[in-house]
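Q: Structure incoming, see below.
The values are calculated or read from the model by the stated rules, or taken from the named source; none is laboratory data. Note that the coordinates shown come from a computational prediction; the quantities given were computed from them, not determined experimentally. Counting neighbours? That spans all protein chains shown, and the Cβs are built from the backbone with ideal geometry, glycine included.
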Amino acid sequence: MGEYIVLLITAAVIFVFVLIVSFFKRYKRCPSDRVLVVYGKVGKGSGAESRSAKCIHGGAAFVWPIIQDYAFLDLTPISIEINLTNALSKQNIRVDVPSRFTVGVSTEAGVMTNAAERLLGLSQVDVSNLAKDIIFGQLRLVVATMDIEEINSNRDKFLAAVSSNVEAELKKIGLKLINVNVTDINDESGYIDALGKEAAAKAINDAKKSVAEKNRDGSIGEANAMQEQRVQVAAADATAVEGENTAKITVANSDADRREKEAEAERLATAAEKVATARALEEAYSAEQKAEAARAVRDKASQTADIVVPAQIDKEKIEIAAEAIAEQTRRHAKGEADAIYMKMEAEAKGIYEILSKQADGFDKIVNAAGSDAKDAVMLMIADKLPELVSTQVEAIKNIKIDKVTVWENGNGKDGKTSTANFMQGMMGSIPPMEELFKMAGMELPTYLGKKVEENNETVDFEDVSEQENKEEE
């Protein structure tokens with residue numbers, strides 16, 4: 001019985017010891033270069049959902065057997081070489097951006113959970129390949145949003161943009177961007193080389209300009225030193241000359257004082273003599289001046305009375321006469337102008353009345369002719385017919401034939417005698433009325449006259465001549 005109890009106690013002690021050792025073995029400490037990930041039943045997070053893993057960095061945790069297990073995430077940095085080629089920039093120029101990125105598992109609270117969920121169990125090569133794909137995409141995106149000048153000259157801005165975009169994506173898988181190093185940037189068009197040459201040329205030109213400015217400053221300094229030397233030498237020479245001149249001035253002043261005193265004495269003597277002479281001349285001149293003034297006053301009064309007064313009177317007469325003539329001329333011109341204006345106004349009124357009456361008469365004649373302009377013209381011509389006949393009569397009025405003696409032999413052409421032919425020719429020389437109308441562009445109406453020949457009958461001038469002879473006897 002005693003041995004059984006001893007065995008039971010020994011077994012219990014061994015069990016407790018094994019249990020204690022097992023508990024100690026399940027207590028896991030996390031090294032500083034790793035992240036302890038406890039997974040399994042690890043409880044719930046801040047929300048209602050349960051956590052997929054519990055990450056610990058820099059501490060320790062007890063891993064319950066059966067319901068929990070653990071693993072480690074290596075924090076060793078991973079260097080990834082990214083040779084980005086033919087990336088399209090904002091200027092549509094393709095560039096090559098060779099670079100090297102250094103990444104590692106993040107130790108932030110939320111990011112470590114992402115790493116536990118997505119990277120646990122992967123080797124560093126797998127993690128590197130996964131990160132490389134993400135970096136390639138984000139690097140192309142950053143290059144597409146920037147100009148080549150910004151990428152090449154403002155590396156800080158480029159790296160900041162790359163770090164911001166890449167790190168945001170890496171956090172999604174639990175990684176952290178540690179460092180970015182862009183080795184060199186090239187473009188297929190040679191634009192960056194041209195920018196480099198431009199910068200080099202500018203630097204060379206700036207250096208040449210600086211050297212020229214320094215040479216100029218040296219030349220100016222040298223010239224200023226020479227100027228200062230010449231000024232100081234000239235000042236010294238001037239001081240020496242000034243001393244010599246001062247001595248000469250002193251001597252000259254002494255001689256001048258002596259000569260001044262001698263001249264003063266001589267002047268006083270001469271002045272006294274001249275004063276006496278001047279006084280005598282002054283008295284004589286004063287008396288003569290008074291006499292001349294009195295004579296001038298007298299002569300002026302005489303000339304004024306003889307010349308100026310008559311001339312003034314004549315001038316006033318001429319001015320009065322000229323004013324009277326001018327006034328008379330102005331009045332006469334105004335009267336003539338008014339008379340001419342009134343005469344022309346009266347003539348214009350008379351002409352206007354005549355034309356008005358003629359227009360009324362023409363209007364009545366046209367109305368009388370039945371509004372026929374041609375008949376109206378014929379009426380007007382009929383009215384003027386006596387004047388036209390009178391004009392024809394005037395053509396032969398002044399022809400005086402005292403006596404006509406005819407020697408007639410009785411023979412004539414076409415049965416006419418010579419006397420008949422003579423009378424016919426004389427009557428033919430008078431312009432017929434019909435011809436006058438035709439010359440004026442008109443036609444004589446049939447009721448105003450007819451031709452001499454009518455119904456084939458002709459006036460026999462021989463019978464007329466014999467009749468005239470009988471009347472004379």
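Q: Under 9 Å between Cβ atoms, at least 6 apart or on separate chains: pull out the pairs that start in region 148-159 with a residue that is within 12 Å of V95 (Cβ to Cβ) and polar (S, T, N, Q) and end on any residue that is in a helix (DSSP H, G or I) and modelled with pLDDT of 75 or more.
A: Close Cβ pairs satisfying both conditions: N152/F158.
Q: With the condition being without any contact (Cβ under 8 Å) to a residue 60 or more places away in the chain and of a type in the set (S, T, Y), I'd like the helices (runs of 4 or more DSSP H) fully within region 282-401 carrying at least 1 qualifying residues.
A: So the answer is 309-368, 385-397.
Q: Can you find a residue in region 43-53 that is more than 60 Å from the chain's Cα centre (by Cα), under 16 Å from L175 (Cβ atoms) and free of Cβ contacts under 8 Å to residues at least 40 places away in the same chain?
A: no
Q: Could you tell me how many of the residues in region 1-37 are over 30 Å from E117 (Cα atoms) and of a type in the set (S, T, N, Q)?
A: Looking only at that region, the number is 1.
Q: A further question follows. Only one residue in A12, A109 is of a type in the set (G, A, S) and either touching a residue at least 24 places away in the same chain (Cβ under 8 Å) or under 30 Å from K132 (Cβ atoms) (or both). Which one?
A: Of A12, A109, the one residue that is of a type in the set (G, A, S) and either touching a residue at least 24 places away in the same chain (Cβ under 8 Å) or under 30 Å from K132 (Cβ atoms) (or both) is A109.
Q: With the requirement that a residue be at pLDDT 85 or above and among the aliphatic types (A, V, I, L, M), what does region 163-187 give you?
A: Matches in region 163-187: V166, A168, L170, I173, L175, L177, I178, V180.
Q: Residue under question is Q91, and the condition is that it be at pLDDT 85 or above, under 20 Å from N154 (Cβ atoms) and not in a strand (DSSP E or B); does it hold?
A: Answer is no for this residue.
Q: Answer with yes or no whether A131 is at pLDDT below 85 and either under 19 Å from I178 (Cα atoms) or surrounded by 14 or more Cβ atoms within 10 Å (Cβ to Cβ) (or both).
A: In short, no.
Q: Okay, moving on. Whether any residue in region 199-206 is in the same structural domain as N129 (by TED's automatic domain parsing) and modelled with pLDDT of 75 or more is what I want to check.
A: no
Q: Residues A87, A131: which one is over 55 Å from the mean Cα position of the chain (by Cα) and among the hydrophobic types (A, V, I, L, M, F, W, C)?
A: Selected residue: A131, the only one of A87, A131 that is over 55 Å from the mean Cα position of the chain (by Cα) and among the hydrophobic types (A, V, I, L, M, F, W, C).
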